Structure formats: C-alpha cells, structure tokens
1. Could you please find all residues in the stretch 92-124 being within 22 Å of residue 70 (Cα to Cα), in a loop (DSSP other than H, G, I, E, B) and aliphatic (A, V, I, L, M)?
2. Can you tell me which residue in the stretch 406-441 is surrounded by the most Cβ atoms within 10 Å (Cβ to Cβ), limited to those that are farther than 25 Å from residue 371 by Cα and basic (Lys, Arg)?
3. Quick one: which helices (runs of 4 or more DSSP H) lie wholly within the stretch 343-387 and hold at least 3 residues that are at pLDDT 85 or above and out of contact with any helix residue (DSSP H, G or I) (no Cβ under 8 Å at 6 or more places or on another chain)?
4. Residues that are in contact with a Ser or Thr (Cβ under 8 Å, 6 or more places away or on another chain): find the helices (runs of 4 or more DSSP H) completely inside the stretch 398-461 holding 1 or more of those.
5. Within the stretch 350-378, work out how many residues are crowded, with 17+ Cβ neighbours inside 10 Å, within 29 Å of residue 164 (Cβ to Cβ) and small (Gly, Ala, Ser).
Amino acid sequence: MGNEGGGSDLLRDIFLPFPVQERQAHKTQFTKTVEAQEQGSDREGLVLSADGHFREMAAPDGRSTSPNSIQDVDIARIFELRYGNKLTPHETRLLRGMIAGSSVKEISAQDRVSYETRRNQLKSIMGKAGVERQTALVSHLSGLLAVKMLNDPEKDRVGQEKISTYMDRFYGGAARLFSPHLGDDRQLLILDIGPTEGKPIIHMHSAFFPVFPFPDDLGLLHKMNLRVITPFRPGYFGLPVDWNLKPPERMAEFIDTLALFLESFDFAGAPVFSHAHGVSAAILLCQRLGNRVPQLILHSAPFVSAVAQPPQKPHIRAQALLFNRFPKLGIEFYRLFAKAIARPDKLDETLEKIFGDSTPDIEALREPARKPWLHAIIYGLGRGNLPGIVSDINAQRYDWTEDLLKLPIPITMHYGEHDKYSNFQELRHNLDGKPINFHINKNAGMLSGLFMPEPILQTLANGGLSERVRII
C-alpha cells in the first residue's frame, strides 16, 4: 500500500494487540484486502431493489446488508452450481457489475483495469457458461440470484439464536427477547432484563459489550426493582444494515423506529443510559423524545476532537487512519481479530495488551468467575456482530458535544481515570462551565465501571418513570 501515514508501519501497528503467534498470518491476509481496496474493489455484492433491479452494494462488507442482498461468494457458488465451472474473483467482480447494469467499459474505468483485460475475462466467463450472448447470461443469472435472495431463510434467525442461547445460559428467566414489527418493514430486536414489573431504563449498548448489566450484577436489578431495556442497533445479531445510507442517516432511521416503539409501549419517559459507542444513538434518541426523558447518563463515551488528538496507542492510530480511508477494512480486521482470540488463552493475552495500562480494567477482566461469560460475549457474540461494530465506529467520527449541549434534560457523564481510549481529558476541558455533571472515578478504567454498576443504577433508579409498564 502507499506510504500515506506510513503504510507498512500502519500494517505493523494495527496487529499489535493480536496474540504474537497469530500476527504474521493475519497481517498477510489483511494486506491483500488493503491492496484490493486501493485498487478500487470496494463492493462485494448485490442488492435487489424494490423496483426489481440489481445494484452493487456500497458496503463495508457483503456479508450483512439489507435482507435482499447477496455477496460475491454466493454469486460465484450459484454460477458454479448452474454451469459446472468456477469463476475467479476477478470474473465474479465483472459478472456482478454486469448484472447491476454496468458495461464492461464502465467496470474497467471504475476498477482502473484495462478494457482488454476485462474483455478477456468476459470471454472466459461466457466460455465457462457455454453461452454466446452476454445478455442471455446476465438475464439467466439475474433470475437465479433473485430467487436465491427472495427465498433465503430468515437471515436474522442465527443471530437471534446466539443471543437467546447466551441469555438463557447466563441470565435464565430474568431476560426476555422481543422482535416487534412496527409496519413498513420496521423491525427491532429488544432485550429486556430484570423484573417485569420493574422501573424501565433504556440502555444504548457499546460495540463489544451489548448486554448490561453483566451476569454478576443481575441481583442489583431485583434489589432496586429495575429492568434494563436494550434495543440492538442495525448490524447486531442479524439485524440488517443499509450501507447505502450515510452513518447519520442509518442512525436516524433506527432512532425513528425505536422512538415509535418506546411511545407505543409507554417507555418514552424512561431514563437513558449508554456505554462507549452507544453515545450517538443515545443523544439522538433524547433529541427525538425531548424533555420526556428525565435524564441521560453517558459512560466512557469516546470523544473525537475537532482539533489535534492527544498521543494515541499505535494500534488505535493505525485503525483510525486505515478505516477512515477504507471502511470495509474494519469488518475484515475484526473478523481476523475474532479468529485470533477464539481460544480463551488467546483472548486473555489480547485483553492484557489492550488494557494493560489500566490496572482496574485488567483486574476486572482477570476475575476467574467472569471468564466463561466474558469469553462468550466477546468471542461468541462479538464475531457475529462485526457489521454493527463497524457501523457504530463509523458513526462516532464527529464531535457530538454540540448536540449534547442542546438537550433539555439533566446529563451526567462518567469516566474512569485510567481510561486510555475515550479522550475524556479534552472533553472535560471543553465542557468546563457547562450544565453537565462530569464524574471521574479514580479507581476505574474504561470497562471496570461496568463491573461496578451500582452507583450508576442507583442514579437511574432515582429518576425516570414512576409507573410500571410491561411489554406484551
């Protein structure tokens, strides 16, 4: 790759958190993805539009988009099943563009590949298919792909089964999962934890820890008579992501649907709590609901400065530079990351590297009793949530403090003094004198506050809905 930002250094630094034995193999594989991105191969699938036409996905990854989508690997597989011959990746890319209505010349220009090269690839495709007319090939394969898309089993079922299995294992009957359909193809996936008659709290989850509170603290909800309602954002647990929308538009569409749900079930007056990357959704929801929300509590919300950032860890800097240029790399990187930490010992080694500068975080993560559910949530659930994680990270790349200060509700922010990732020092300076309660816990890091949730839950319990409501 090019030397902007020190290309070879970025590829070295981005893999620093990986287990040592895993680095080189994953770096080699990732480098190929980077090179493909620099050559313009940033689309890897097709979407079937409502008008019956195919279009290429402007997506970070073809594995999870709208329900009527299909990725390159499946296009190649269907071709092989029909014609008995395999396509090369370059041939699959050309065929995908033709099905989406582009000419060979247009595809050549888009990919910065010579027209003659693409013409030779087309001849090879037609030879493998045994057809003489390009239009016949495109028409026939388009029909096969449409049937595949429209008759595919529910893509969200696997994701929902994973979260259901996790909740049954660690939370038992204290957790419930709902999938309300609100008309016009509006769909949500809602996790409801705690006593069904408890006082509701709306929880905007983080990217890597989508469940709150952790199993160890389930008793606090019963003690305080609280129920935590977590709406999962697009890309988590099989929920589709419309990558053709910009991050703010995606988030706004999700919040509109969520607000409709909260209003329909009388939850619009519940306090809102977010951790880490849930901040954008939390602020947008409070904007939408206005002063009906009694309070907003933000925990470890990552702040992106409009000015020069303070010194960052090398792997964080490398991720920011690479993923800003090529959003797709985020999903490929985290896919490799999930593979690298599949074994508990590898996961422990990686967490030590990521949070080694924060003693409270490391102590919380080392607790033996937490190992089973920590591994299950980070690896077991996380590897299926890659589209959501990348979507959330993309949505964080703006300074949200201006929107925060416009909210007509009480706001409290919690950070750990040992937090090395949230940039809270500059945020605190910028908010000095503003009507926001800003708390720094001297004995906490970015994560450890979640392992000690009683103060936050107590604050939430003191405000919000007084009447008890339930989901039916």
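The values are calculated or read from the model by the stated rules, or taken from the named source; none is laboratory data. Please read all numbers here as calculations on a predicted model, not as lab measurements. Virtual Cβ from ideal backbone geometry, glycine too; neighbours counted across all protein chains shown.
1. Listed by number, the list holds a single entry, 100.
2. Result: 428.
3. Output list is empty.
4. On the way: elements: 401-405, 424-430, 454-461.
Here the list reads 424-430, 454-461.
5. The number of residues fulfilling the criteria is 2.
Table: residues versus (1) modelled with pLDDT of 85 or more; (2) touching a Gly at 6+ places or on another chain (Cβ under 9 Å).
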{"residue": "410", "(1), (2)": "yes, yes"}
{"residue": "419", "(1), (2)": "yes, yes"}
{"residue": "434", "(1), (2)": "yes, no"}
{"residue": "472", "(1), (2)": "no, no"}
